[in-house]
Each structure stands twice: as structure tokens, then as C-alpha cells.
Amino acid sequence: MDPRPAPRSGYFYAILACSSWGILPLFWNLFGSDATFEVVSHRVLWSVVLLAILVKVEGREGEVLGLLRDKRSVGLLFVTAALLTINWALFIYSVASHQVVQASLGYFLCPLANIFLGAIVLKERLGLAKGLAVVLAMVGAAIFGWNLGQFPLIAIGLAVTFSLYGLIRKMVAATPLGGLLVETLVMAQLALVTVVILHATGRATFGSTPLLTLLFVASGVVTTVPLIWFNKAAKLLPLGTLGVLQYQTPTLQLLIGVLLFGEAFPPQHWVAFLLIWVAIATYLFSSMKTPAPKSEEAPFFLE
């Protein structure tokens, strides 16, 4: 363990990144409720533009070209791109359909889903504390779904796609910036087709007003800039500290859903979320007792 205190700039970048992701529902809400596919498509296309500029500025063109020449890496990044597309679409749909509370539950579940996947796929030993955390999370999710009267597809979908994304992404030897550019390049093909079809059929809203056009362009900025901040924080802060700070994101989403969007939060939801929070506390306590390997990468949210 490094006895030196973490630089204040690390906390600054982490708070900037996680709070930015936490308030993203306010941004996506500006597009209305009928433009999910168009918003996702433009988010991909404008992210490609900004990421390409950043790759050029940092001189990482060689890394990106190397990834594109490696069939295994391209294959894996194709899968992660598909998972990322589903994750982005689910989150934007959750805002458009006024289900931000359920989306926040999904991101509270993410670290616990990572534990579950590690046990199932990588045969990692859970241990009593982490095993208990997973069980409590499952019970909490089941109670939430029971209260909804339906399967909590958004919450489970966000947790599963993000966890699978992180699992497969670790198999690719690429920096977050270079890997994300290749992923968005893969997604850009479908995104471009979607945008062309929407314009050809007269259903596109891009270009209808200057403000809306600016928002579409800004979707690439709000996707990429917080990731840069997070990567800076990940280099300066211990993994455990970063993990705790990340819970700003779903906490802010939950508050926005209830306090600003007026979503229902009956007493039964408190029971479900209380179990999730106990599970998270159990997980964090167990993680503090067992330091993560130095090679382990910090996960990040991709709303």
C-alpha cells in the first residue's frame, strides 16, 4: 500500500466525472420521449469525431491501427460495442420513459453483478461476505421487480450489459481511449444507417432547430469528456477510493428521478434499495479487507 495521500486533483477529477454521469438524465431528457434511436446514433457518431481528435492529439493512431489489424481484438471489440450500444440505448430509454429510478438501481447493482460474473465465468471464490452481498442484491432486485409488477428489465439490463462489457473489455490489450474509438467506429456503421433512414422517412429531428442540433452534437462531448476525467482520477486515486466515489452516479440519478422528474418511490422501494445498500456496504467492507491486485483496472460507468 502506498502511504502517501492521494493528490487532491484525483478527487477533483473523480467528482467531476461521477457527478457528470449522475446528472446525465437531465441532458437526455431535453430530447423528449420519441427520439431514443436517433439520440443513440448521434451520440455514437459525434463521439467518434471527438475521440478521433483526442487520439490524434495524444498520438495514439498507431495503437488504434494495431487494434484494427488484430482480428481477435476487433472481434472482441465488436461484442463490447454491441453491449455498449444496448447499455446506452437502455439508459436513454429509461430517461425518455420516466424510469430513471430503475436505471439508478441498475448501476447500484453493477459491482455486485461483476462479483457474480467473476464467480460464474472466471471461477473466482466469492467468500462469505461477497456471497452474502450478491444474495442480498438479488433479493432486493426481486422485491423491486415485484413492486413494479413486472420484470425490472432496465435495471437488470444495465447491470448485465455493463458487467459483461467490463469482463470482455479486459481481454483486449487497449487503452480506454483507443478501445473506445474502435468500439464507436464499429457502432458508427449502424448509427449512420439509422440516421440516413430517419432522414429519408422524415422522422429525424436533427437540424429541426438550432438548439436541438447543438444538443445532438453535444452528446459526443458529454460521452467523452467525463471518461477523460475518470481516467485521470484512476491514475491518481486508490481503486477502493474510486469505487466508493463512483456511487455518486446512481445516487444522483435516484435523486433526480424522484425529486426532479417526480417518479414514484413508494415505501416498498425503500425495502428493495435498503437491501441493495446493505449489499454494497458488505461488498465494500470485504474489499477493504482484501486489497485489489495492482493490475486490476478501475471500472467506470457508461451511461
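We did not get these values from a lab; they are worked out from the coordinates using the rules stated. Keep in mind that this is a model prediction, so the values were computed, not measured. Heads up, the Cβs are rebuilt from the backbone with ideal geometry, glycines too, and the neighbour counts pull from every protein chain shown.
Details
- Here the range 1-115 is described by how far its Cα atoms reach on the three principal axes: 42, 42, 31 Å, from widest to narrowest.
- From phi via Karplus (6.51, -1.76, 1.60), per-residue ³J(HN,Hα) for the range 119-135 in Hz, x at Gly/Pro: 6, 7, 8, 9, 6, 6, 6, 6, x, 5, 5, 5, x, 5, 4, 5, 4
- Size descriptors for the range 69-150: radius of gyration and Dmax over Cα atoms are 15.9, 49 Å.
- Fewest-first ranking of 97, 19, using other Cβ atoms within 10 Å as the exposure measure: 97, 19
- Karplus 3J(HN,Hα) series, Hz, for the range 212-227 with 6.51 cos²θ - 1.76 cosθ + 1.60 (x for Gly, Pro): 5, 4, 5, 5, 4, 5, 5, 4, x, 5, 5, 7, 8, 4, x, 5
- Per-residue ellipticity at 222 nm, computed for the chain from helices alone with -39500 (n - 2.57) per DSSP H run of at least four residues, works out to -25500 deg cm²/dmol.
- Coupling constants for the range 246-258 follow from the phi torsions by the Karplus curve (6.51 cos²θ - 1.76 cosθ + 1.60, θ = phi - 60°), and in residue order they are 5, 6, 4, 4, x, 5, 5, 4, 4, 5, 5, x, 7 Hz; glycine and proline get x.
- Largest first, the extents of the alpha carbon coordinates of the chain on the three principal axes equal 55, 47, 37 Å.
- Summary value for the range 8-289: 43 percent relative contact order, contacts being C-alpha pairs under 8 angstrom separated by 6+ residues.
- Sorted by Cβ density within 10 Å, fewest first, the residues 138, 187: 138, 187
- Sorted by Cβ density within 10 Å, fewest first, the residues 84, 153: 153, 84
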